[in-house]
Amino acid sequence: MAEASQKGEQVFRGIPVSAGVCRGRLLVIDRSRHSIGKRELTETELQDEISRLERGLVQTRHQILEVQRRVSQGMGAAEGSIFDAHLLVLEDRTLLDEVIRMIETQRVNAEYAFHSVAERYATTLAAIEDDYLRERATDMRDVTTRVLNNLLGLEDEADLRHLKEPCIIISHDLTPSNTAQLDKRNVLGFGTDVGSKTSHTAIMARSLRIPAVVGLKDASLQLESGQYALLDGFNGVIIVNPTDQTLFEYGQLIKKQVSLEEKLRDIHQKPAVTLDGHRILLSANIEGPKDAEAVKLAGAEGVGLFRTEYLFINRDVPPSEEQQFEAYSEAARALKPLPLVIRTLDLGGDKFLAHMPLPREMNPFLGWRAIRFCLQEQDVFREQLRAILRASAEGNVKMMYPMISGLDELNQANALVELYKAELRAEGLPFDEHLQIGAMIETPSAVIVADSLAKRLKFFSIGTNDLIQYSLAVDRMNEKIAHLYEPTHPAIVRLIKATVDSAHRHKITVSVCGEMASDPVFAPLLLGLGVDELSAAPPLVSPVKFLIRRLKLSEAKALADFALACESASEILARCQDLARQVAPSLFETK
Ligand code: PEP
Ligand code: MG
């Protein structure tokens, strides 16, 4: 400590991407650039060199599949699916053909050719003003490092699997391969030179609930392993050699965090009920059967959204009816008697499969996705519907369709369900004859015809992620227009209210399962609008519950009345924030 004070405090500022504060020793991962030697080959060596390249690529593919398997098991299918982009790099024929051409025409070694071509692609991608494409450059470089390591017979340079002591990892850029290997117990926080709120590091850090700061410019060059530092993921700073005063101030924040965590743990098994006795159902979203345990630990009262597409994403061939039946039954049994709402396949949009390449579309979110895909690809849909029906005999299963845009789609899907029920009856396979079927309300047209839909369904679940995207015509993945993606836009508030009114007119329930339900700030608005259930990401169930238990329904209703009459998204947002901070200030302390 004395030494730290003598050296003086140094502050590095970046972008906060994962909340929390930690302190400890730094481990700077110096991703030393490979020095790639150029070697001239003779004519007779060329074929062997191309075979050597191919072996290196196969080895890399196996490694990536292995990392993907480990990540999917340890962190969840969504994180695992990040590696699909890496596998696609290895399958990129244009790139590989160019590498082979370079080996043949310039007679150079495989490492040199691969590095030259891949680095040119990566540099081009990195220069484009688009976060998504810049991430592809990171993917490209991550895969290149692996291929080169394999060709050069090198081990990965940083063994993050066996960290000797707890530390804060600092790096120029943390690749998904790095984070996947992390010995999580010993990682206190992350800091990287590059990155944005949507970068892999940010997404991983948030799902691991590890504080992280990105965009620290050249911090990795200035920092050294072993230095003592404090990382503040709320405000986006790293303070090296913090003074006693700084440590004291942060000590207060850390104490508050610890005490909040304790309070959140205390309410795990308690209901989501307001101070004036209004009870709502608080459930969680999952991506695979293994997540079901986390749902119970988080204190959720079931699963409001099982995104089944992740069962399809991480594999070479689509899962069979039997494999799906196993997965759905495992989740249903783990949760029983709590409900499990299984959403039928929602492919397309931003979710693609390695084994089932969908055609390139100008507007994938407006294209061949979700229920539209399933109604045309009936073999795929049949296997899934039969698997869900069969799993309904194993627990409290419900089913819903994504992206319903009108009555025809609902009628067609329901007719198929009846057909497969008849098949199962004939085969003597058990299922729940009263399986409840609902629809996601995520297109404006679905809201407008909600009365027609409600008559034929048992519940609605509002997918605010897509409803906002489609109603405001704002691509949910585009960082450039992220400021226009406003959950409190008056149009969204009114669409939610219209959905609730239609549902209640027909005596069915309505839930919200988009990200809005995971943000405690919006819980009062949604409750006030009459929503019966919220389905949040598991780590956010207890913060949302904590706030609801400190709220009065009358306050929520007053907020909703204000929002329905208000003409400004920012005014509605400010009111939501004020009320949330007023009823649960400890959730929002960042200083
Ligand atoms: C939504 O659109 O709000 C939703 C929950 O579905 P997804 O995010 O999977 O599209
Ligand atoms: Mg959706």
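Some notes on this structure:
- Flag for Glu433 being away from ligand 1 (no atom under 12 Å from the Cβ), closer than 24 Å to Gln412 by Cβ, open to solvent by 50 Å² or more (accessible area, probe 1.4 Å) and not polar (S, T, N, Q): yes
- For segment 279-300, the criterion of being closer than 24 Å to Lys184 by Cβ, at pLDDT below 95 and basic (Lys, Arg) is satisfied by at least one residue.
- Here Met403 does not qualify as part of a strand (DSSP E or B) and either within 16 Å of ligand 1 (Cβ to nearest atom) or farther than 30 Å from Asp130 by Cα (or both).
- Some residue of segment 536-555 being assigned to a loop (DSSP other than H, G, I, E, B), within 19 Å of Ser259 (Cβ to Cβ) and at pLDDT below 95: no
- The condition of being free of Cβ contacts under 8 Å to residues at least 24 places away in the same chain and within 16 Å of ligand 2 (Cβ to nearest atom) holds for only one of Ala446, Ala422, Ala473, Ala415, that being Ala473.
- For the residues Arg343, Arg382, Arg386, the requirement of being among the basic types (Lys, Arg), touching a helix residue (DSSP H, G or I) at 6+ places or on another chain (Cβ under 8 Å), closer than 19 Å to Tyr310 by Cα and open to solvent by less than 30 Å² (accessible area, probe 1.4 Å) singles out Arg386.
- When Ile210 is tested against (1) within 25 Å of Arg549 (Cβ to Cβ); (2) open to solvent by less than 60 Å² (accessible area, probe 1.4 Å), only condition (1) is not met.
- Failed item, numbered, when Lys552 is tested on (1) touching an Asp or Glu at 6+ places or on another chain (Cβ under 9 Å); (2) charged (D, E, K, R); (3) surrounded by 19 or more Cβ atoms within 10 Å (Cβ to Cβ): (3)
- Residue selected from segment 49-62 under the condition among the basic types (Lys, Arg) and farther than 30 Å from Met204 by Cα, by the criterion surrounded by the most Cβ atoms within 10 Å (Cβ to Cβ): Arg52
- Qualifying residues in segment 450-469 (those that are hydroxyl-bearing (Ser, Thr, Tyr) and buried (at least 20 other Cβ atoms within 10 Å of the Cβ)) - the one farthest from ligand 1 (Cβ to nearest atom): Ser461
- Check on Val258, among the β-branched types (Val, Ile, Thr) and closer than 14 Å to Ile168 by Cα: no
- Residues satisfying the stated conditions in segment 484-507, i.e. of a type in the set (A, V, I, L, M, F, W, C) and either within 16 Å of ligand 2 (Cβ to nearest atom) or crowded, with 20+ Cβ neighbours inside 10 Å (or both): Ile492, Val493, Leu495, Ile496, Val500, Ala503
- Taking the numbered list (1) open to solvent by 10 Å² or more (accessible area, probe 1.4 Å); (2) charged (D, E, K, R); (3) more than 26 Å from Glu433 (Cβ to Cβ); (4) in contact (Cβ under 8 Å) with a residue 40 or more places away in the chain in turn, Glu330 passes all entries but (3).
- Among (1) out of contact with any Phe, Trp or Tyr (no Cβ under 8 Å at 6 or more places or on another chain); (2) buried (at least 19 other Cβ atoms within 10 Å of the Cβ), the one test that Leu216 misses: (1)
- Criterion: under 24 Å from Val303 (Cβ atoms), at pLDDT below 95 and either within 16 Å of ligand 2 (Cβ to nearest atom) or of a type in the set (Lys, Arg) (or both) - qualifying residue of Leu347, Leu353: Leu347
- Residue ID - farthest from Met403 (Cα to Cα), chosen from residues in segment 508-523 that are open to solvent by 50 Å² or more (accessible area, probe 1.4 Å) and under 25 Å from the mean Cα position of the chain (by Cα): Asp519
- From the options Leu65, Leu46, residue that is within 30 Å of Ala331 (Cβ to Cβ) and open to solvent by less than 70 Å² (accessible area, probe 1.4 Å): Leu65
- Qualifying residue in segment 396-409 (condition: open to solvent by 50 Å² or more (accessible area, probe 1.4 Å) and without any contact (Cβ under 8 Å) to a residue 24 or more places away in the chain): yes
- Only one of Glu515, Glu555 that is charged (D, E, K, R) and within 16 Å of ligand 2 (Cβ to nearest atom): Glu515
- Hey, Asp379 assigned to a loop (DSSP other than H, G, I, E, B) and more than 16 Å from ligand 2 (Cβ to nearest atom) or not: no
- Some residue of segment 524-535 being of a type outside the set (A, V, I, L, M, F, W, C), open to solvent by less than 10 Å² (accessible area, probe 1.4 Å) and within 15 Å of Val341 (Cβ to Cβ): yes
- Restricting segment 219-263 to residues that are among the hydroxyl-bearing types (Ser, Thr, Tyr) and closer than 16 Å to Gly8 by Cα leaves a set whose member that is surrounded by the most Cβ atoms within 10 Å (Cβ to Cβ) is Tyr228.
- Single residue of Arg93, Arg141, Arg101 found to be touching a residue at least 24 places away in the same chain (Cβ under 8 Å) and open to solvent by 20 Å² or more (accessible area, probe 1.4 Å): Arg141
The values are calculated or read from the model by the stated rules, or taken from the named source; none is laboratory data. Here the structure is a predicted model, which is why all the values come from computation and not from measurement. We place every Cβ from the backbone using ideal geometry, glycine too, and count neighbours over all the protein chains shown. Surface accessibility is based on the protein's heavy atoms, side chains included, excluding ligands, DNA and RNA. Shrake-Rupley method; radii C 1.70, N 1.55, O 1.52, S 1.80 Å.
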